[in-house]
Amino acid sequence: MRAETHILGIDVGGTGIKGAPVDVSEGRLLTERYKVLTPQPPTPEAVAETLTEVVRYFEWDGPLGVGFPAVVKNGLALSAANIDNSWIGKNVESLFARATGLPVKAINDADAAGIAEIHFGEGNEKEGSVILITIGSGLGSALFTDGHLVRNTEFGHVILDGQVAEHYASNRTREQEGLSWPAWGKRFNKYLHHLNRILSPDMIILGGGASKAFHQFSDYLDVPVVVRPAKHLNGAGTIGAACHAYWSMHRQEQHRSL
Ligand code: BGC
């Protein structure tokens, strides 16, 4: 039988939709993640269909926590940088709940990764400001002050030398422009210096697909802040999405029983 603290975490990304059951009390994946390529174009209907494949693969019949690559407020997608524009204004939670027949809670994908790291990873117990940056198809961000999340920060969209930062320093840009790790590392370093100038964080954690290649570019980072790869690497988003779903569903139950 499924334990109450087991939630299926799903990370919707620009290239892959990855999911695994998560134990939210320990903040860990219970199995390897199962990945399906993100459909192109990533329209609401196509993404919902692919996400349902992940649910079916695990024969899952409990709640889902979804990390979604957009500003997400009260379940609504309010931006669309690496997904189809038709997502804007759509209710991500009701759409996935209808497609799967399961209860769903959604949060921005980088905020989800941040939640996993602040509670169960590199940022654990860390006071002051911690920023997590996910390096993937875009650059996602999560900001914590004394452990509290400021949601939907979108620091991947700050302007750096006249262009959107994620167009200059994401992992997709590295691949598309065929940049070596040192060449890309220097760009990313410039981005981190910019973030440091405007936010003065106490720690920077790096997640997303490129976090597992940290050793390839860490020598090119000289920002005067502790920079670490996420303990859960690219799995952080899946873990955090499940934790967020569990905590918000249980908060709702507590409110109902008052
Ligand atoms: C989106 C963010 C997202 C990030 C990583 C950006 O393009 O605007 O909402 O967190 O990509 O997926």
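Brief remarks follow.
- Backbone N within the range 153-172 under 14 Å of label point (7 Å from Lys190 Cα along the Cβ vector): 159-170
- Positive-end residue, the range 122-230 charge dipole about Cα centroid, Cβ charges, pick of Val225, Ser200, Leu139: Leu139
- Cross-linked pairs Lys35/Lys105; Lys90/Lys126; Lys18/Lys231; Lys190/Lys231: Cα-Cα separations exceed 29 Å for Lys90/Lys126.
- Surface listing: His157, His232 arranged by accessible area from highest to lowest gives His157, His232, probe 1.4 Å.
- Student exercise, the range 6-108 dipole from Lys, Arg, Asp, Glu Cβ charges, in Debye to nearest 20: 220 debye
- Largest GNM mean-square fluctuation across Gln216, Gln176, Gln40, computed for the chain with C-alpha springs under 10 Å, falls on Gln176.
- With all protein chains in place and a 1.4 Å probe, the accessible surface of the range 122-230 carries 45 percent carbon and sulfur.
- Charge sum, other residues only, whose C-beta stays under 15 Å from Glu32's C-beta, Lys/Arg counted +1 and Asp/Glu -1: +3
- Fluctuation leader among Leu51, Leu102, Leu139 - the chain, Gaussian network, Cα springs under 10 angstrom: Leu102
- Per residue, the convex hull around the alpha carbon atoms of the chain comes to 125 Å³.
- Taking the DSSP beta bridges with both ends in the range 6-108, the antiparallel portion is around 65 percent.
- Cα centroid separation, the range 108-163 to the range 32-100 (Å): 21 Å
- Among Pro103, Pro21, Pro69: highest mean-square fluctuation, GNM of the chain, C-alpha pairs under 10 Å: Pro103
- Placing +1 on the Cβ of every Lys and Arg and -1 on the Cβ of every Asp and Glu, with nothing else charged, gives the range 129-202 a dipole about its Cα centre of roughly 140 debye.
- Simple rule: put +1 on each Lys or Arg Cβ and -1 on each Asp or Glu Cβ in the chain, find the dipole, and look at Gly123, His244, Trp181; the Cα lying farthest toward the positive end is Trp181.
- Among the protein heavy atoms, those of Glu127 account for about 140 Å² of accessible surface (1.4 Å probe, every chain in place).
- Average accessible surface for the chain: 44 Å² per residue, computed with a 1.4 Å probe over protein heavy atoms with every protein chain in place.
- Rounded to the nearest 10 Å², the accessible area of Glu93 at probe 1.4 Å: 30 Å²
- DSSP beta bridges confined to the range 36-181 are antiparallel in about 75 percent of cases.
- Nearest 10 degrees, 0 to 90: helix 109-120 Cα axis against the chain principal axis: 90 degrees
- Helical runs assigned H by DSSP (4 residues or longer) give the chain a calculated mean residue ellipticity at 222 nm of -11000 deg cm²/dmol, each run adding -39500 (n - 2.57) before division by the residue total.
- Contour excess over end-to-end distance, with Cα ends at Val226 and Leu78 and 0.36 nm allotted per residue: 50.1 nm
- Ranked order, Tyr57, Tyr191, Tyr34, Tyr168 - accessible area, probe 1.4 Å, largest first: Tyr57, Tyr34, Tyr168, Tyr191
- Counting only Cβ charges, +1 for Lys and Arg and -1 for Asp and Glu, the dipole size of the chain around its Cα centre is about 180 debye.
- Neighbour net charge for Thr145 - beta-carbon separation under 11 angstrom, K R +1, D E -1: -2
The values are calculated or read from the model by the stated rules, or taken from the named source; none is laboratory data. Quick caveat: nothing in here was measured; it's all calculated off a predicted structure. Backbone-built Cβ (ideal geometry, glycine too); neighbour counts: all protein chains shown. Heads up: the accessible areas ignore ligands, DNA and RNA and are worked out on the full protein's heavy atoms, side chains in. Shrake-Rupley method; radii C 1.70, N 1.55, O 1.52, S 1.80 Å.
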